[in-house]
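Where a number appears in this text, it was derived from the coordinates with a stated rule and is not lab data. Just so it is clear, the model here is predicted, and its values are computed rather than measured. Ideal geometry is used to build each Cβ from the backbone, glycine not excepted, and the neighbour counts take in all protein chains shown.
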Amino acid sequence: MNDAAKSKETVYRPLASVAESLDAIGQVIAAAERHIRIFDITLAQRGFNSPARADQLRAFFVAGRAHTLQIALHEPEHLVRECPRLITLLRQFPMSIEIHRTLEQARNANDPFVVADDHSVWHQLHHTQSRAIVALHSPADATPILQRFGEIWDLSEPAVSATTLGL
């Protein structure tokens, strides 16, 4: 079997540590062909300010003009303060990245996830625990999480933009 066929094989595995989750998030992002959708409380401890993750996302955006990243956060202030590399990407690719803050109706969501297209997902069972799963090239696992993201996104509003307005 060639490498391309191997890379499309369905993978499902439980994760027990933050390090495993960081690696799995990178795998999900690498599997993305057009869209990445992220829900989290603050985006802390997900590696989104690391040079490697910034390079990975930059390569994703450069690979196609239609590539998008949507992020829904309960508390986007952490991202603004602690993730300058992600903010730099937002400024470089303002038409490709949207960052929203969840409204009160969505605040009961406590299970962060990253979804690539409609086939790959990293899903943490609860934001206070390190237990999570990763499912690569598995639409059956990704579709319910993708639908959940749509519900959360509908209950959110724009929070961080590429430009700073003011006097």
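What fraction of the DSSP beta bridges in region 10-160 is antiparallel, stated in percent and rounded to the nearest 5?
65
Mind putting a number on the dipole of the chain about its Cα centre? Charges go on the C-beta only, +1 for Lys and Arg and -1 for Asp and Glu, and I need it in Debye to the nearest 20.
It comes to approximately 360 debye.
Taking the Cα-to-Cβ direction at GLU151 and at ALA63 and moving 7 Å from each Cα, how far apart do the two end points lie in nm?
If labels sit at GLU151 and ALA63, their model points lie 3.0 nm apart.
Percent relative contact order of the chain, based on C-alpha pairs within less than 8 angstrom and at least six residues apart?
Here the relative contact order equals 31 percent.
Just report the Cα centroid separation between region 82-115 and region 1-78, whole Å.
13
Here are several values of semi-axes √(5λ) of the Cα gyration tensor in Å: (i) 34, 23, 14; (ii) 24, 19, 15; (iii) 27, 21, 13. Which one was derived from the coordinates shown?
Comparing each candidate, only (ii) matches the computed number.
Sort TRP153, TRP122 so the one with the fewest other Cβ atoms within 10 Å of its own Cβ comes first.
Lowest count first: TRP153, TRP122.
Given H placed on each backbone N at 1.01 Å, which residues far from HIS100 in sequence or on other chains put an amide H within less than 5 Å of it?
HN-HN under 5 Å from HIS100: ILE71, ALA72, LEU73, ALA159.
Looking at ALA19, PRO84, ALA142, which one has the Cα that reaches farthest to the positive end of the dipole of region 10-160 (charges on Cβ: Lys, Arg +1; Asp, Glu -1)?
Of the candidates, PRO84 comes out farthest on the positive side.
Give me log10 I(q)/I(0) at q = 0.17, 0.18, 0.23 Å⁻¹ for region 80-167, Debye formula, one equal scatterer per alpha-carbon, no solvent.
-0.89, -0.98, -1.24
Please compute the modelled spin-label separation between ASP55 and THR10, points set 7 Å along Cα→Cβ, answer in nm with one decimal.
Between THR10 and ASP55, the label points sit 3.4 nm apart.
Add +1 for every Lys or Arg and -1 for every Asp or Glu among the other residues with Cβ under 13 Å from the Cβ of ALA142, and state the total.
Charge balance near ALA142 sits at -2.
What's the longest uninterrupted piece of the chain once you rule out the GluC sites (Glu not before Pro) that are loop residues per DSSP with at most 15 other Cβ within 10 Å?
Between exposed loop sites, the widest span is 34-167.
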